[in-house]
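**Student:** I'd like to ask some things about the structure below.
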Amino acid sequence: MRCFIDLHLRPRSRGELEAMLEKALRLGYRGVAVAGSQTMEGVEAPRGLDVISRVDLKPKTAGALKASLRRVRTLYVVVAVECRSKAVARQAARDHRVDVVYFPPDSGLWFDDAEARLASQTGCAYEINLVELLALIAGRDTRGLRRVAEGVWNAWRRDVPVILSTGASNRLEMREPRGLASLLTLLDIDIEEASEMISINPNTIVERNRGKLSDDYAAPGVRIVKQGGEVDAC
């Protein structure tokens, strides 16, 4: 049985956040990542729903991105970068501190092969947000849809994981997992492959980063084991 995660909720108010968490559980998600100005402080997550911390960085330059990463990397489980320039996109793809990159349709950019090659070395994932995909469909923006499809193809060709999220800012923009996956058939993507984008791929990111943020993490493949008051590496 798949464990579905919506890796990108961005509620605009505390009340909306609480309602979205309840709805996510009803829709069949076992985890959600919450970004934006709303925090979980004082908010109790529904039983059975894993709430994951996420930050969306929106730097204008590669230098600004590096400065932000130094500040936030250890504070959030998921660090995502909104890419509105090639310089930012390529810096994000090559930086091991970045988990996810996404491209707003109005940027005119896409996940190209150069970024895919860089991301294949760092574990960075390419994210598609449903709300932006639906906007392209509603606007009959065939060029924008081709850019998304090309980004997926570049990711697959370089073994870069693809994440499918809702990007929802309110309850009406949320979708149940199988319905979300089925929309990618419009891009000629098999529904089982799309389902992995909402389950296996985001789960891998979350598990990896929670391991890194744990107190016993020392380096990739190395854990700190405390024995009799002493600390050993294994």
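No value in this document is a laboratory result; all are computed from the given coordinates. All of these numbers come straight from a predicted model, not from anything done at the bench. Positions of Cβ are backbone-derived with ideal geometry, glycine not excepted, and every protein chain shown enters the neighbour counts.
**Student:** Would you mind getting me the FRET efficiency between W156 and E22? Use the beta-carbon distance for r and R0 = 41 Å, nearest 0.05.
**Tutor:** Working from the Cβ atoms, E equals 0.75.
**Student:** For M40, what is the net charge nearby, where nearby means another residue's Cβ is under 12 Å from its Cβ and Lys, Arg count +1, Asp, Glu -1?
**Tutor:** -2
**Student:** So for the chain, averaging the separation of alpha carbon pairs under 8 Å that are six or more residues apart and normalising by length, what relative contact order in percent results?
**Tutor:** Here the relative contact order equals 20 percent.
**Student:** Filter the trypsin sites (Lys or Arg not before Pro) in region 1-83 down to the DSSP loop ones having no more than 10 other Cβ atoms within 10 Å, then list what survives.
**Tutor:** Passing sites in region 1-83 are R47.
**Student:** Please compute the modelled spin-label separation between K60 and E207, points set 7 Å along Cα→Cβ, answer in nm with one decimal.
**Tutor:** Going by the 7 Å Cα→Cβ label model, 4.1 nm.
**Student:** Enumerate the aspartates and glutamates that K212 could reach by cross-link, defined here as Cα to Cα under 13 Å, with residues fewer than 8 away along the same chain left out.
**Tutor:** Output for K212: D99.
**Student:** Summing +1 for each Lys or Arg and -1 for each Asp or Glu, what net charge is found among the other residues whose Cβ lies under 12 Å from the Cβ of K60?
**Tutor:** Surrounding charge for K60 is +1.
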